[in-house]
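Asks: Could you have a look at this structure, given as structure tokens, before my questions?
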Amino acid sequence: MQREEILGWLRQDRPDALERLQKRADRVRRERVGDAVHLRAIVEISNVCARRCAYCGLRGPNSRLPRYCMTAAEVLACARRARRCGLGTVVLQAGESDALCADWISDLIRRIKRETDLAITLSLGERSPEELAAWRRAGADRYLLRFETSNAELLQRVHPPRPDRPERSRLALLGELRSLGYEVGSGCMVGLPGQQLADLADDIALFGELDLDMVGLGPYLAHPDTPMGRNPARYLAASEQVPASVEMCCKALALTRLACPDANIPATTALVTLAPEDGLERGLRWGANVFMPNLTPSEYRASYRIYPGKADCADGDPDALQRRLRRLGRTPGRGRGDSPNWLARRAAPSAANGLRPVA
Ligand code: 5AD
Ligand code: SF4
């Protein structure tokens with residue numbers, strides 16, 4: 001789908017047209033990735049972060065947040081629990097910080113792999129190519145690194161470079177991850193102050209150009225202990241500011257499914273936070289095929305406060321989740337739930353070893 005067509009859809013608000021978009025995305029989702037909803041256990045292993053993103057509650061300068069780092073034994077216990085709950089993947093997520101030492105992560109990956117058959121997804125921010133390679137060698141399968149916005153000027157404003165080292169381009173890192181053989185995921189926020197509809201159209205077109213294996217996108221949610229939450233007016237776009245609404249997120253999800261038909265796309269925690277009653281169902285009806293229950297131990301959960309009111313998405317009642325999926329005509333996924341994109345690439349490695357070149 002071309003960028004102009006995407007932009008046209010983002011501007012569209014006629015209910016009959018939007019219903020057509022939803023049906024089309026849902027059909028493509030069913031044809032390409034099926035009715036299974038892959039469940040990924042998220043474990044938020046540390047909330048320490050060296051960055052100063054203007055929108056995020058984990059930003060280093062937020063001194064009101066108590067910081068933690070789980071022990072390896074605690075993370076392993078979560079992985080075992082994920083396995084007992086029948087989940088096929090564990091996602092190790094943390095802020096970006098060298099406090100999480102690369103060797104410690106490698107060791108953790110090896111221990112999880114030794115004890116379980118879980119796929120391991122890492123979401124640990126920008127790390128060096130050497131570290132990413134070491135973790136892949138240790139057995140990590142997938143890596144998530146959202147580019148947040150494809151508008152370089154906006155990114156610079158809201159995601160300042162780290163003072164302690166030269167800036168790395170996230171697109172270059174995504175290319176690095178692909179050539180290391182990871183399943184590669186990226187994404188953006190919807191309704192970030194300063195994001196215009198044309199920017200969101202560019203983001204979605206870029207998902208397609210990068211031929212991503214996983215795409216995560218959710219609404220921006222204001223956090224009072226951040227510069228953006230304290231002073232939103234300073235950041236808002238003068239025209240065509242993207243609203244951080246459930247409707248806009250659903251449109252963006254559907255367009256993402258059309259841009260990346262084979263990708264694994266979650267109904268995100270942020271969407272469920274914005275629409276606690278039916279965010280999961282709406283996400284899954286508008287193109288998503290993944291859900292990520294949170295298995296972080298309860299004593300740490302409140303401290304992984306990226307934004308306030310974060311939905312619990314706990315696995316407390318797996319039966320209730322199954323019932324909700326079945327009511328939608330969907331089934332819980334079995335096994336690792338690798339993306340068809342990555343499986344095809346692995347079968348024909350010469351076809352595309354790098355990310356598709358970006359124009
Ligand atoms: N609202 C919604 N999403 C956010 N993220 C960070 N801060 C916020 C916020 N205030 C998202 C970013 C980041 C991921 C960890 O969470 O996209 O990549
Ligand atoms: Fe850190 Fe990621 Fe939050 Fe930025 S978005 S402050 S890198 S956790």
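Asks: In terms of modelled amide H atoms, which long-range or inter-chain residues lie less than 5 Å from the amide H of Asn294?
Replies: Ile42, Ala314, Asp315
Asks: Follow-up question, since we're still on this one. Pick out, from Gly216, Gln156, Met228, the residue whose Cα sits farthest towards the positive end of the charge dipole of region 130-243, with +1 on the Cβ of Lys and Arg and -1 on the Cβ of Asp and Glu.
Replies: The Cα lying farthest towards the positive end belongs to Met228.
Asks: Moving on to the next point. Cα extents of the chain along the three principal axes, largest first, in whole Å?
Replies: Here the spans come out as 52, 44, 44 Å, largest first.
Asks: In addition: Determine the distance separating the Cα centre of region 211-260 from the Cα centre of region 1-68; give it in Å without decimals.
Replies: First find each Cα centre; the distance between them is then 8 Å.
Asks: In a Gaussian network model over the chain where Cα atoms closer than 10 Å are linked, find which of Asn341, Asn231, Asn294 has the largest mean-square fluctuation.
Replies: Asn231
Asks: If you don't mind, another one. Express the carbon and sulfur contribution to the solvent-accessible surface of region 212-265 as a percent, rounded to the nearest whole number, probe 1.4 angstrom.
Replies: Roughly 57 percent, rounded to a whole number.
Asks: I'd like to know which of Pro166, Ala201, Gly287 lies farthest towards the positive end of the charge dipole of the chain, counting +1 on Cβ of Lys and Arg and -1 on Cβ of Asp and Glu.
Replies: So the residue furthest toward the plus end is Gly287.
Asks: Now, a different point. If contacts are Cα pairs under 8 angstrom and at least 6 residues apart, what is the relative contact order of the chain in percent?
Replies: Here the relative contact order equals 25 percent.
Asks: Related question: Please compute the per residue accessible area over the chain with all protein chains in place, 1.4 Å probe, rounded to a whole number of Å².
Replies: I get 41 Å² per residue for this part.
Asks: Oh, and also: Taking H as built 1.01 Å from N, whose amide H comes closer than 5 Å to the amide H of Gly216, not counting residues under 5 places away?
Replies: For Gly216, whose amide H was placed from the backbone, the distant partners under 5 Å are Ser186, Gly187, Cys188.
Asks: Stretched out fully, how many nm does the piece from Arg323 to Asp225 gain, at 0.36 nm a residue minus the Cα gap?
Replies: Separation in residues times 0.36 nm, less the Cα-Cα distance, equals 31.5 nm.
Asks: Residue separation times 0.36 nm, minus the C-alpha to C-alpha distance between Ser303 and Ser169: what's the value? Don't skip to the answer; put the middle values down first.
Replies: Working: separation 134, 0.36 × 134 = 48.24 nm, distance 2.86 nm.
Extra length from Ser303 to Ser169 when fully extended: 45.4 nm.
Asks: Test of understanding: in a Gaussian network model of the chain with alpha carbons linked when under 10 Å, which of Ala222, Ala263, Ala99 would top the mean-square fluctuation ranking?
Replies: Ala99
Asks: Convert each backbone phi in region 187-204 into a coupling constant with the Karplus relation 6.51 cos²θ - 1.76 cosθ + 1.60 (shift: θ = phi - 60°), then list the ³J(HN,Hα) values in order as whole Hz, x for Gly and Pro.
Replies: x, 8, 9, 10, x, 4, x, x, 7, 9, 4, 5, 5, 5, 4, 4, 4, 5
Asks: Run the accessible area of region 95-172 with a 1.4 Å probe and give the carbon-and-sulfur part as a rounded percent.
Replies: Carbon and sulfur together cover 52 percent of it.
Asks: Further, regarding this structure: If you take every DSSP beta bridge whose two residues both sit in the chain, what share of them, in percent to the nearest 5, is antiparallel?
Replies: 5 percent
Asks: When the Cα centres of region 104-139 and region 281-310 are compared, how far apart do they sit, in Å?
Replies: Going from one Cα centre to the other spans 22 Å.
Asks: Here is a further query. By DSSP, what percent of the beta bridges with both residues in region 123-280 are antiparallel, rounded to the nearest 5?
Replies: Antiparallel: roughly 10 percent of the beta bridges in region 123-280.
Asks: Looking at the chain, which Cys residues are left with no other cysteine's beta carbon under 4.7 Å from theirs?
Replies: Cys with no partner Cβ under 4.7 Å: Cys49, Cys69, Cys78, Cys85, Cys101, Cys188, Cys249, Cys250, Cys260, Cys313.
Asks: Which whole-Hz ³J(HN,Hα) couplings does region 30-37 yield from phi under the Karplus relation 6.51 cos²θ - 1.76 cosθ + 1.60, θ = phi - 60°, glycine and proline marked x?
Replies: 5, 5, 8, 10, x, 8, 5, 10
Asks: Tabulate in residue order the Karplus-calculated ³J(HN,Hα) for region 3-18, using 6.51 cos²θ - 1.76 cosθ + 1.60 with θ = phi - 60°, rounded to whole Hz; enter x for Gly and Pro.
Replies: So the J values, rounded to whole Hz, are 3, 5, 5, 4, 4, x, 5, 5, 7, 6, 10, 6, x, 5, 5, 5.
Asks: Sticking with this structure for a sec: Find, among the GluC sites (Glu not before Pro) in region 251-300, those assigned to loop by DSSP (not H, G, I, E, B) with at most 14 other beta-carbon atoms within 10 angstrom.
Replies: Sites meeting the loop and neighbour criteria: Glu277.
Asks: Please list the non-local residues whose amide H lies under 5 Å from the amide H of Glu96, H modeled 1.01 Å from N, same-chain partners needing a gap of 5 or more.
Replies: So Glu96 has HN proximity to Ala50, Arg51.
Asks: Summing -39500 (n - 2.57) over the DSSP H runs of n ≥ 4 in the chain and dividing by its residue number, what mean residue ellipticity at 222 nm do you reach, to the nearest 500 deg cm²/dmol?
Replies: When only DSSP H runs of four or more count, the value is -12000 deg cm²/dmol.
The values are calculated or read from the model by the stated rules, or taken from the named source; none is laboratory data. Everything numeric in this text was worked out from a predicted model, so none of it was measured. Using ideal geometry, Cβ is built from the backbone for each residue, glycine included, and neighbour counts are taken over all protein chains shown. Side chains are part of the model used for accessible areas, which takes the heavy atoms of the whole protein and leaves out ligands, DNA and RNA. Shrake-Rupley method; radii C 1.70, N 1.55, O 1.52, S 1.80 Å.
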